[in-house]
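Worksheet for the structure shown next.
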Amino acid sequence: MAEPMVRIPDAKVVLSTASVYPESTATAFEIAARLGYDGVEVMVWTDPVSQDIEALRRLSDYHQVPIHAVHAPCLLITQRVWSTDPWVKLQRAQAAAEKLGASTVVVHPPFRWQRQYARDFVSGIWRMANETDVRFAVENMYPWRYRDREMLAYAPDWDVTKEDYRHFTIDLSHTATSRTDTLAMLDRMGDRLGHVHLADGKGSAKDEHLVPGRGNQPCAELLERLARTGFDGHVVIEVNTRRAMSAAEREADLAEALAFTRLHLASAASSGVRGS
């Protein structure tokens, strides 16, 4: 028997522009190019560049870094970005993805107070998905906690596997915060898993987005399973570097996250491939 050969999976390892906050969207492209990421996911937020398709195209062309995904402006701080109408936000995210060559739009389930949007969300996402080749990958969230109190902030549910969506995003910081069995959620998503937000967490009430390997989430096991099953979507590094004391420290964290991800994707791929 020959020694196992290393087979690199088709999954792209992508940097979320949110991972460089409070630095700019432009900085994320620079770092992604310098460290050798396969592309970026653009978090559309209050940075004007993140909202400007032509500016994003210029950054992508200049740095030779493709845009693989667009994260729609679903956060509390982005309630007025690209309109106050959540369906308009998704339409603009779809248009941006199509123009930029991105295959995926990441979207959160609605907040519970967005009653009409929440009521129509599942059917509306299916309707939009049927009108484009872009994937709408709905992301798992978590209950909001304060001391001993828990508030269900998302509708129809923070656990998106309870609804019928064509594609899912699994976020491992969110599974930590919700104290969910990550691999069981992965099983429930099955072949509808289209996108991964890779980060870590320790089960805090805060959404921690630690560098993979620094928390208690099964980051390595998840990556190895993705490689064994031939996952060909995107693995997006979405970590919190706000506490980095310098640009060099931030870049070191993002280099560590990239190395961790590629190591576990490649090690799993190689373990099942043997020559004769």
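The values are calculated or read from the model by the stated rules, or taken from the named source; none is laboratory data. These numbers were taken from a predicted model, which means no experiment stands behind them. Please note: Cβ atoms are built from the backbone with ideal geometry, for glycine as well, and neighbour counts cover all protein chains shown. SASA here: full protein model, heavy atoms, side chains in, ligands and nucleic acids out. Shrake-Rupley method; radii C 1.70, N 1.55, O 1.52, S 1.80 Å.
Some values worked out for this structure:
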read-out: Hey, Arg115 over 25 Å from Tyr142 (Cα atoms), of a type in the set (Lys, Arg), more than 17 Å from the chain's Cα centre (by Cα) and open to solvent by 50 Å² or more (accessible area, probe 1.4 Å) or not; value: no
read-out: Residue that is within 30 Å of Arg34 (Cβ to Cβ), surrounded by fewer than 14 Cβ atoms within 10 Å (Cβ to Cβ) and in contact (Cβ under 8 Å) with a residue 40 or more places away in the chain, where the choices are Arg262, Arg242, Arg250; value: Arg242
read-out: Residue within the stretch 27-48 that is of a type in the set (Val, Ile, Thr), more than 22 Å from Ile237 (Cβ to Cβ) and either open to solvent by less than 10 Å² (accessible area, probe 1.4 Å) or more than 15 Å from the chain's Cα centre (by Cα) (or both) present; value: no
read-out: Pair list, Cβ < 7 Å and 6+ apart or interchain, from the stretch 69-80 residues that are more than 20 Å from Val134 (Cβ to Cβ) to residues that are open to solvent by 50 Å² or more (accessible area, probe 1.4 Å); value: Ile77/Thr46
read-out: Selection within the stretch 82-102 - under 11 Å from Thr132 (Cα atoms) and either open to solvent by less than 50 Å² (accessible area, probe 1.4 Å) or in contact with a Gly (Cβ under 7 Å, 6 or more places away or on another chain) (or both); value: Gln94, Ala95, Ala97
read-out: All positions within the stretch 101-126 that are of a type outside the set (A, V, I, L, M) and part of a strand (DSSP E or B); value: Thr104, Phe111
read-out: Helices (runs of 4 or more DSSP H) completely within the stretch 129-237 that count 2 or more residues being in contact (Cβ under 8 Å) with a residue 12 or more places away in the chain and open to solvent by 30 Å² or more (accessible area, probe 1.4 Å); value: 182-189, 219-228
read-out: Unmet requirement for Asp61, which otherwise passes all of (1) out of contact with any helix residue (DSSP H, G or I) (no Cβ under 8 Å at 6 or more places or on another chain); (2) open to solvent by 30 Å² or more (accessible area, probe 1.4 Å); (3) closer than 20 Å to Ile237 by Cβ; value: (3)
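Each row is one residue, and each column tells you yes or no for (1) in contact with a helix residue (DSSP H, G or I) (Cβ under 9 Å, 6 or more places away or on another chain); (2) over 19 Å from Ala255 (Cα atoms); (3) at pLDDT below 95.
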residue: Thr17; (1), (2), (3): yes, no, no
residue: Ser24; (1), (2), (3): yes, no, no
residue: Ala33; (1), (2), (3): yes, no, no
residue: His71; (1), (2), (3): yes, yes, no
residue: Val81; (1), (2), (3): yes, yes, yes
residue: Asp85; (1), (2), (3): yes, yes, no
residue: Ala102; (1), (2), (3): yes, yes, no
residue: Val105; (1), (2), (3): yes, yes, no
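The rows are residues; the columns are (1) within 30 Å of Asn130 (Cβ to Cβ); (2) in contact with a strand residue (DSSP E or B) (Cβ under 7 Å, 6 or more places away or on another chain).
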residue: Asp200; (1), (2): no, yes
residue: Ala205; (1), (2): no, yes
residue: Pro218; (1), (2): no, no
residue: Asp232; (1), (2): yes, no
residue: Ala252; (1), (2): no, no
